[in-house]
Amino acid sequence: MAEVAYTKHLEFCEAYTQKVNDGLHKLVELGPSEYALQLSAELFIIRSTYTVWLSEEIEQQLSPFERALRKIGADMRVATRTPPNTARSELLNAVMDPYLLVIGEKSPGSEEEAEKTVRQALENLRKLLGTRELTILRDVAIAAAKARITSEARSH
């Protein structure tokens, strides 16, 4: 069962990461736009597809990022449907900070802001997979193999 769960986590992380990376490229290309709302919906669909395999904690960790995308997209939807005026200008200006934060062009000023960034969303996926621990194990295995090869070469 542990192997199945890990496989499901891996599938989820790969699908979610691919969508985040594709979405990030498009967000950078388009700038703040309604596309952020679509991206949030697509990420939610991926997350809900794997929901039985995900802990409540990982879902809570990804929610701030998805909510930030929804807010950007929704604000841009309202802005594009608002006639040019002061309120529209203020809304467009207000959406830039969250947009720059999400895409990583603005440094987070708090832990709450950090949770809304692409960087943190991807770090949460790495934690789910144990990427850091697996990398350490790989490094130990490589070092042991090198030591064994060196030892065998000396004995011949």
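The values are calculated or read from the model by the stated rules, or taken from the named source; none is laboratory data. Being a predicted model, the structure only gives us computed values, none of them experimental. Quick reminder, even Gly has a Cβ in these numbers, built from the backbone with ideal geometry, and neighbours come from all protein chains shown.
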Cβ pairs under 7 Å, 6+ apart, first in region 33-49 and without any contact (Cβ under 8 Å) to a residue 24 or more places away in the chain, second part of a helix (DSSP H, G or I): GLU42/LYS19; PHE44/GLU66
Residues of region 1-24 classified as part of a helix (DSSP H, G or I) and either surrounded by fewer than 14 Cβ atoms within 10 Å (Cβ to Cβ) or hydrophobic (A, V, I, L, M, F, W, C) (or both), total: 15
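Residue-wise test of (1) on the phi > 0 side of the Ramachandran plot; (2) among the hydroxyl-bearing types (Ser, Thr, Tyr); (3) surrounded by 15 or more Cβ atoms within 10 Å (Cβ to Cβ).
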residue: MET96; (1), (2), (3): no, no, no
residue: SER110; (1), (2), (3): no, yes, no
residue: GLU115; (1), (2), (3): no, no, yes
residue: LEU128; (1), (2), (3): no, no, yes
Qualifying residues in region 25-36 (those that are charged (D, E, K, R) and outside any loop (DSSP other than H, G, I, E, B)) - the one surrounded by the fewest Cβ atoms within 10 Å (Cβ to Cβ): GLU29
Failed condition for GLU57, given (1) more than 18 Å from GLY130 (Cα to Cα); (2) surrounded by fewer than 14 Cβ atoms within 10 Å (Cβ to Cβ): (1)
Any hit, region 72-91, residues being within 21 Å of ARG126 (Cα to Cα) and either more than 14 Å from the chain's Cα centre (by Cα) or surrounded by fewer than 14 Cβ atoms within 10 Å (Cβ to Cβ) (or both): no
Any hit, region 133-146, residues being hydrophobic (A, V, I, L, M, F, W, C) and surrounded by 15 or more Cβ atoms within 10 Å (Cβ to Cβ): no
Residue pairs meeting the criteria (Cβ under 7 Å; at least 6 apart or on separate chains; first closer than 12 Å to LEU54 by Cα, in region 1-19; second among the aromatic types (Phe, Trp, Tyr) and modelled with pLDDT of 90 or more): ALA5/TRP53; LYS8/TYR50; LYS8/TRP53; HIS9/TRP53; PHE12/TYR50; PHE12/TRP53
